[in-house]
Amino acid sequence: MADPSTTAPSTNDASKTAKPAPKPQNPALKMMGLPNIRLKLPSRNWLIFLTITGSFTGALLYDRREKRRAQQKWCELVAHIAKEPLPVEESRRKLTVFLAAPPGDGLRSAREHFKEYVKPILVAAALDYDVVEGRREGDVRAKFAEVIRRERREGGELSVAPLTGGEGAEGGKSKEEVIAEARKAIGVRDEPGPRGDLVIGRHTWKEYVRGLHEGWLGPIDSPPEPESMTALEEPLVPAVPAVPAVETPEQAETPTETPAEEKKETEEKKENKKPAGPTPAYISTADYASQSLSPSLPATLEGSAPIPFPHLLGFLNTPIRIYRFLNRRHVADSVGRDVAALVLASQARPYTEGPVSDNSDSDSPVDGSNTTAYEQQTQLAHEEQDWHKSVHKKDETNPDKEREWLDDVVLDPRIAGRMQRYVLSEEEEARAQRIAEGVEYIRGEERPPHVPFWQQVWIKYGYGEDPEVAKRKPIYGNIENETE
């Protein structure tokens, strides 16, 4: 028999002996106490994880960079307006922004959309703006119609309602009226120039058009309520005679509330818990043709700009929402173009009208005599597909109730023909393209030199000084007459 000690080694022993010796660590790194890290390729699972996270991060960073560039382009296009001198007796040109809570969501998302895409351009142009907000369906329509009715009263139309008063009224006058009177007393006037309306979202656009017609075609005072409804709201309550009670000395010291006061408090609590809905419309869409125009109606209404507001809800729509999250640069460019056109107000055109096609989603005209479609009816119509399904449900208890968001956009030719939209002229489009390419800068200024990234970080953390800030520092001479 063969000696076991002289037999050939096994396969495992051969693989162990075939392993190369580890490479010795750098003596300098070893003396510093650093571990001996050997580089090797990651495993299959790590490669999948790093590929997915790296791709998503790269797409996100690219989108945010292009979004900032698009917003910077439109901000630089309108920034020269902020540099224009303004007399001390004039207040800045003011725009009106209409925004409402999107269907199925709260007002915060609409506010964030305004602050992220619209407000930077308004701030770059140093323009003032008023915001008309709506928390529920019909709020924007009611507020806008009331603004128009107030304008008609100021124009001299007879009205039973007083001209003063409103939300935040103090002594019969609202805060806005007090400020307007104070400015008029000291001789401050508005800056001459066109105003404009920024309407964010399809749902707000529908309410805007509805309120525009209600304000100019409807009555200036609220119509009287039906007598049957008034009788139901005021039920007869038999009067109960009050019986005087004998108070003891202890009861006289502690104040007690009467049943009438307790009832009043409970009613106030109920009113606080249940917020009142918007004011019903003064006129229906079917009565547009039979109404006469207001004498205060101008020949051309202020220009408007419908701003897209992509808003999608639902867990099953997560892939679409991720795609939109990674393509916000397109929204920034589209919104920036519309806002810049309204801010510059260099070119305005009336909304177009034409024959209705078979595949058109616009509704028929008011009178029904001819088939005419207006551009206002199809503005941002694609956004209705993203609305939550709960919004499309009709009210079963009151099926005849008007729904500004669901009903078709009905236009009167007399109002639709006076509406106009601001667009960018060819000259401004070419200048925006040159700004994007870096050839041109703000009108009347030269583009500042490029600052490297390391220098920006160096200045940001206090180790250096911005060259532009150093140029603006005053240079003092030899004040104390010191001699060298």
- Along the stretch 121-126, what does the Karplus equation 6.51 cos²θ - 1.76 cosθ + 1.60 (θ = phi - 60°) give for ³J(HN,Hα), rounded to whole Hz, x for Gly and Pro? 6, 5, 5, 5, 8, 6
- So how do HIS450, HIS382 rank on accessible area, 1.4 Å probe, biggest first, that is with the largest at the start? HIS450, HIS382
- Accessible surface of LEU293 - all protein chains present, 1.4 Å probe, nearest 10 Å²: 60 Å²
- Item | Solvent exposure ordering (accessible area, 1.4 Å, most first) of MET419, MET31 | MET31, MET419
- Cross-link table LYS119/LYS143; LYS206/LYS394; LYS94/LYS115; LYS184/LYS206; LYS115/LYS460, entries beyond 27 Å C-alpha to C-alpha: LYS184/LYS206
- Task: Within the set of other residues whose C-beta is less than 12 Å from the C-beta of VAL188, count the net charge using Lys and Arg as +1 and Asp and Glu as -1.
- Result: -1
- Message: Modelling each spin label as a point 7 Å along the Cα-to-Cβ direction, I'd like the PHE325/ALA182 distance in nm, to one decimal.
- Response: 4.6 nm
- Selection from PRO102, CYS75, LEU60, by position along the positive dipole direction of the stretch 36-109 (Cβ): LEU60
- Based on the mean of other beta carbon atoms within 10 Å per residue, what is the order of 457-464, 208-215, most packed first? 208-215, 457-464
- Accessible-area ranking of GLU191, GLU402, largest first, probe 1.4 Å: GLU402, GLU191
- About the Cα centre of the stretch 367-429, how large is the charge dipole given +1 on each Lys and Arg Cβ and -1 on each Asp and Glu Cβ? Please answer in debye to the nearest 20. 340 debye
- Residue-span extension gain [THR279 to GLN456] - 0.36 nm each, minus C-alpha spacing: 58.3 nm
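The values are calculated or read from the model by the stated rules, or taken from the named source; none is laboratory data. Everything numeric in this text was worked out from a predicted model, so none of it was measured. In this analysis, Cβ positions are derived from the backbone assuming ideal geometry, glycine residues included, and neighbour counts consider all displayed protein chains. Just so you know, the surface numbers come from the protein's heavy atoms only, side chains and all, with ligands and any DNA or RNA stripped out. Shrake-Rupley method; radii C 1.70, N 1.55, O 1.52, S 1.80 Å.
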